[in-house]
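Heads up: the structure comes next, in structure tokens.
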Amino acid sequence: MSNPGEQDSTPITSARQLAEYLDAGAKPREAWRIGTEHEKFGFFHAGPHAFAAPRYEPGGIRAMLEGIGADGWEEIRDQGQLIGLKRGGESISLEPGGQFELSGAPLETLLETQAEFAAHFADVRRVGGALGLGFAPLGFHPTARRADMPMMPKSRYAIMRRYMPLVGSLGLDMMFRTCTVQVNLDFGSEADMAEKLRIGLLLQPLATALFANSPFTEGKPNGFLSARANVWTDVDTARTGIPALMLAADFSFERYVEWVLGVPMYFVARDGVLIDVAGASFRDYLAGRVPALAGLTPTLGDFADHLTTVFPDVRLKRFVEMRGADAGSPAMMLAQSALWVGLLYDAAAQRAALALLARYPDEAFVALRGVVPRQALGAAFGGGTLRDLARDVVAVATDGLRARGFGEENLLAPLAEMAAGAPTQAERWLEAYHGAWGGNVTRIFAEAEV
């Protein structure tokens, strides 16, 4: 989740203004960039707290931020507490349970993303090693109970922790025990945005299957290959999933705004303080019908904040966010960005992806969302399995990357192997659990450590 940013105090005068705000994100193809965000769980290497998640302080997440921040980063604070860093186009932020997140800079090529990964992981190893901490990107925490996870001092998380149990049974697990990787991509126009969202939404269950990496809960197999994806089936249906309107032929910025205005808010920020209005709609705020916000003028900054609190499988801001994958090995997290760049940043590949999707009804893809957390690539689809679709999709993405001419197509190698029959990350972990690990799930921390 994003760090606090500069508030745009421009007053909101109409819903159309909000659609124009989103439309302003459109860019010419030569200006399209790639922004990769990835999260990882911290753990103690040894001692009485071995494998436990580090607290904020002492000797924990705050010390990580201070150590990395000493190398020319600007601090981000919330009520005086250090909760993030920024430098250039990069930022480091904290998820509620201390999951450590890099939001990468907007970069031209995936090879630059690869270098950004390497530099960040080197910083994490340097600072974390001195604190006795390691970091492992996994989709769901493999050993900790929900009650074991610490709470980071970020104001929005206190509001969410109170509200989440009111609207779903697994929202707190989403907050405290999951990690993801996502890629943020640009669009060229409203029509291009709609095509990208269509491709992203319908293929997001396939991405969940390919990147499944969370088969353990509290030290034992949980019956899922992506427990993280299962969590998202019961977080808050008002703001999650694959909203039907986003697949409609007439989908537009205005239609998205109309949906977002009805999604319950979490907060409104004023003078560095968050006003808890969880459950009230933004539409009512615009109409002056939220008593806690009486006298406040709704601003574009409020709307930008609200956009960060809706969680469809593909999220629209002034760019599109692909959100369906578990965090995983560095090679797999690079492959996640490579998959979507290959499909969506070459015109021929984008057309080929749309043609591939047109072979099946939309409902066939949407139905996969409830199946892939357990079955991943083994899920039935189109007379075969999802692995058959994966072969076609990875082939299209490979052609798209090759056409870009940067030599990025090799980054899809892990996905090509799985499409050809290799196990997912989760299946490899389960094989180790039943074999070499002798049922000891804590072995995953050393093997998954970045």
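The values are calculated or read from the model by the stated rules, or taken from the named source; none is laboratory data. Bear in mind the structure is a predicted one, so any value in this text is a computation, not a measurement. Virtual Cβ from ideal backbone geometry, glycine too; neighbours counted across all protein chains shown.
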Looking at the range 64-77, can you tell me whether even one residue there is closer than 27 Å to Ala335 by Cβ and touching a helix residue (DSSP H, G or I) at 6+ places or on another chain (Cβ under 8 Å)? yes
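Sort out for me the helices (runs of 4 or more DSSP H) sitting completely within the range 344-411 that have 2 or more residues that are closer than 26 Å to Met193 by Cα, in contact (Cβ under 8 Å) with a residue 60 or more places away in the chain and under 23 Å from the mean Cα position of the chain (by Cα). Walk me through it before giving the result.
Details: elements: 347-357, 362-368, 372-375, 386-404.
Ranges flagged: 347-357, 362-368, 386-404.
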Looking for whichever is touching a residue at least 24 places away in the same chain (Cβ under 8 Å) and closer than 30 Å to Leu356 by Cβ here; the options are Ala244, Ala248, Ala191, Ala227. Which one fits? Ala227
Tally up the residues in the range 236-279 that are at pLDDT below 95 and either under 19 Å from the mean Cα position of the chain (by Cα) or within 25 Å of Met322 (Cα to Cα) (or both), please. 0
Just checking, how many residues over the range 399-446 are within 22 Å of Ala229 (Cβ to Cβ) and acidic (Asp, Glu)? 3
Using beta carbons and a limit of 7 Å, which pairs, at least six apart or on different chains, have the first residue in the range 133-157 and under 19 Å from Asp326 (Cα atoms) and without any contact (Cβ under 8 Å) to a residue 60 or more places away in the chain and the second one among the basic types (Lys, Arg) and not in a loop (DSSP other than H, G, I, E, B)? Arg146/Arg177
Looking at the range 75-166, what strands (runs of 3 or more DSSP E) fall wholly within it and have at least 1 residues that are at pLDDT 95 or above and of a type in the set (Phe, Trp, Tyr)? 100-103, 133-136
Starting from residues that are hydroxyl-bearing (Ser, Thr, Tyr) and not in a helix (DSSP H, G or I), keep the ones in the range 248-290 and report whichever is farthest from Pro165 (Cα to Cα). Ser252
Please determine whether any residue of the range 330-338 is out of contact with any Lys or Arg (no Cβ under 8 Å at 6 or more places or on another chain), crowded, with 23+ Cβ neighbours inside 10 Å and of a type in the set (Ser, Thr, Tyr). yes
Scanning the range 172-209 residue by residue, the ones that are surrounded by fewer than 22 Cβ atoms within 10 Å (Cβ to Cβ), touching a Pro at 6+ places or on another chain (Cβ under 7 Å) and not aliphatic (A, V, I, L, M) total 1
